[in-house]
Amino acid sequence: MRSFRCRQQNADADATARAKVRGHAFLLQSMRSNLVRGIRLRGEASRQLGRCFVEAFAQGAFSRQGNPMGTATLEEEGSRPVSRFGPFTLDARRAELHRNGATVALRPKTFALLCYLAEHPGRVIPKKELLAAVWPGVVVNDESLSQCVRELRGALGDDEQVLIRTVARRGYLFDASMESGATAATDRLRSPRPQRHWKVTAGTLLLAAVAALAGLAVVTRDDPVPVNVDDRLKERRSVAVMPFTDAPAAGQGRVADAITAGLVSALAKMPDTLVIGHVPGVDAAPNGDMRRTARQLRVRHLLTGSTQQDGDKVRVHAQLESSEDGAVFWSEFFEYAATADAQWQRDVASRIARVVDWRMSTAAVKRPIPGQGERLDPVEELMRGQHLLAHAASYDDLLRARAHFEAVAAADPGSAAAWTGVAQSYVSELEAAWNLGHGAVTLAGRALARARAANPQYLPAQYVAGRLLAMRGDLEGALRIYQAVAVANPSDAWAHARIGAMKLRLGQLADAETHTRAALRLGSSEAPLVAFSHLQAGLAEYYLGHDAIASEHLRQSVAAGPCLTQLEALLLLTSIDASNGRGQEARERAAEVLRLRPRFTVGAWRVWTAPVHPQLQPLRDRFLDGLAKAGLPE
């Protein structure tokens, strides 16, 4: 009986020790989280952290024989995630795939798909299961999965679909013989080392790391704790408008002050932007030391400028600079007639605001891309997605942009900017006729609902809602939304361009031209906007029967560079050439169309393209007939 009591007491003691170690682990994990978030530890909290470490050590966190914290050892962690199939070595922990020692590059989602397939070899995995595993909590369609499968097959050299087999109406089967292996054998030769009998737990490393910090009396972090991705995006796109200077001239100071005030107002209407006007006691630093001024104002960008009046002309200079290294992102002169009417001041403010918006967006993505296995900061991820979407020229560009937005939405489900990006990627593929089903419409609507739930007043979400209405045929509803966006943010060049497009489809050709010119004036440096606006101008001239003028606009649209509107501009040029007897030119353009879209048919375009106003229908029929004359397949 005594022996039984002793054993029971020992068992109770062991259980108590394990419970205490688990308690210490929980406390240390909480303290670690607080340290990461920048919370300060002082006095008693620091001493308590040290005591926890000592007591955990005494209770067996460092153990020869066991693992009281119940965590996997580093030895186990190193061996579990490595597997082989054929010439490939898959290291899930390092997020690497090797073929005969050479690294095979894969996008994160494609790598995640491979890992899931490798965990279930020889089993038919339904598409729904793969979508849930690779895109947890994110709304995607089957095409995203198909794209990853195509990329994975290409990376594995599986053109014959031997490794990854498609099982009709069921899913995919990974047909490979998997072998387990240790991380030490992941195509790396290491010197033999003597065997050690200590097992160091992952929890031990956490204890050691935090205990090292416990020796500090104070742990501080200067950066504020971020609230969410959208707030941090505004910080990244922060700009201070310094008072514009003026050349000596009678009454000139009032003009400079008026322009400065107008710029602050115009920039403040832009979404995702933090704007600071003139702060008393803070002026532009002498000798061009903009970084000191930026540190005072805590902004990423500084907008400076000057005005100079020469007779009946006013010349305005504006410059956007980085607060990090003083680099000049943009500098430009604007010239206006010096009239009493303040309209020119509003115009220059809107034009400068638009350029600042564009330049801040493009400057952010010039940072180095992290190496393989490293993760982007959520704000970097979001801005790269926005940049890809703005410059998209292919279906792959849209998928890559969507992958960025999905990653941000997974990290911060309350990000209106991320969900708006997801929705816009689906709408863009619909407009470019890459997805002819209704699934993308549904997915865009769901993502848009998430964005509006996060921020009902978010202007980019309203803009995308207008595009979705237009895709559904509600041109009047889309027009009202675009007009509301343009009123809320007059410098939004895309809102003006879309107003012109809706006016065109409603048969209001004169009004369409006015808004197209406004868009070009605001966004003259943005290639995608230039291409879209010249396409709309070309369509308007075509519907007016001015083929020569239409062709000139369409050539400018194509010359702007690869973008989502390039195909439509080429199609209209092809039709105009064929209709005017320029057969050779028409055939050359038709060949370019098929190079861009190998499966293009006139019949599919006829069905898919949006209907136009009845008065424009005869010219639309002429357009389709011209495509057939050029030799494009029916």
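The values are calculated or read from the model by the stated rules, or taken from the named source; none is laboratory data. Here the structure is a predicted model, which is why all the values come from computation and not from measurement. Here Cβ is always computed from backbone atoms with ideal geometry, including for glycine, and neighbour counts include all displayed protein chains. Remember, those area values only see protein heavy atoms, side chains included, never the ligands or the DNA or RNA. Shrake-Rupley method; radii C 1.70, N 1.55, O 1.52, S 1.80 Å.
Numbers below:
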quantity	calculated
Residue selected from the range 505-539 under the condition over 26 Å from the mean Cα position of the chain (by Cα) and touching a residue at least 40 places away in the same chain (Cβ under 8 Å), by the criterion most open to solvent (accessible area, probe 1.4 Å)	ARG521
Residue match in the range 275-289 (condition: more than 27 Å from the chain's Cα centre (by Cα), open to solvent by 40 Å² or more (accessible area, probe 1.4 Å), at pLDDT 75 or above and over 28 Å from GLY421 (Cβ atoms))	no
Criterion: open to solvent by 10 Å² or more (accessible area, probe 1.4 Å), assigned by the TED database to the domain that holds LYS629, of a type in the set (A, V, I, L, M, F, W, C) and closer than 24 Å to PRO614 by Cα - qualifying residue of ILE549, ILE576	ILE549
Hits in the range 482-494 (condition: of a type in the set (S, T, N, Q) and open to solvent by less than 50 Å² (accessible area, probe 1.4 Å))	ASN489, SER491
Hey, ALA403 farther than 23 Å from GLY523 by Cβ, outside any helix (DSSP H, G or I) and not assigned by the TED database to the domain that holds TRP605 or not	no
Subset of the range 599-634 (residues that are modelled with pLDDT under 85, outside any helix (DSSP H, G or I) and aliphatic (A, V, I, L, M))	ALA610, VAL612
Residue tally, condition small (Gly, Ala, Ser) and under 15 Å from the mean Cα position of the chain (by Cα), over the range 406-455	14
The range 154-165 residues that are open to solvent by 50 Å² or more (accessible area, probe 1.4 Å) and in a loop (DSSP other than H, G, I, E, B), paired with ones that are among the small types (Gly, Ala, Ser) and at pLDDT 80 or above (beta carbon under 6 Å, 6 or more apart)	none
Meets criteria (open to solvent by 40 Å² or more (accessible area, probe 1.4 Å) and either modelled with pLDDT of 95 or more or out of contact with any helix residue (DSSP H, G or I) (no Cβ under 8 Å at 6 or more places or on another chain) (or both)) for ALA497	no
Test result for LEU619, closer than 22 Å to ASP397 by Cβ and not acidic (Asp, Glu)	no
Options GLN615, GLN556; residue that is of a type in the set (S, T, N, Q) and out of contact with any helix residue (DSSP H, G or I) (no Cβ under 7 Å at 6 or more places or on another chain)	GLN615
Scope the range 306-337; condition open to solvent by 70 Å² or more (accessible area, probe 1.4 Å) and either in a loop (DSSP other than H, G, I, E, B) or of a type in the set (A, V, I, L, M) (or both); matching residues	ASP312, GLU324, ASP325, VAL328
Positions within the range 464-481 being in contact with a Phe, Trp or Tyr (Cβ under 9 Å, 6 or more places away or on another chain) and open to solvent by 20 Å² or more (accessible area, probe 1.4 Å), in sequence order	ILE481
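Rundown of residues vs (1) modelled with pLDDT under 50; (2) open to solvent by less than 90 Å² (accessible area, probe 1.4 Å), yes/no style:
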| residue | (1), (2) |
| --- | --- |
| VAL139 | no, yes |
| MET178 | no, yes |
| TRP198 | yes, no |
| LEU216 | yes, yes |
| ARG236 | no, yes |
| VAL241 | no, yes |
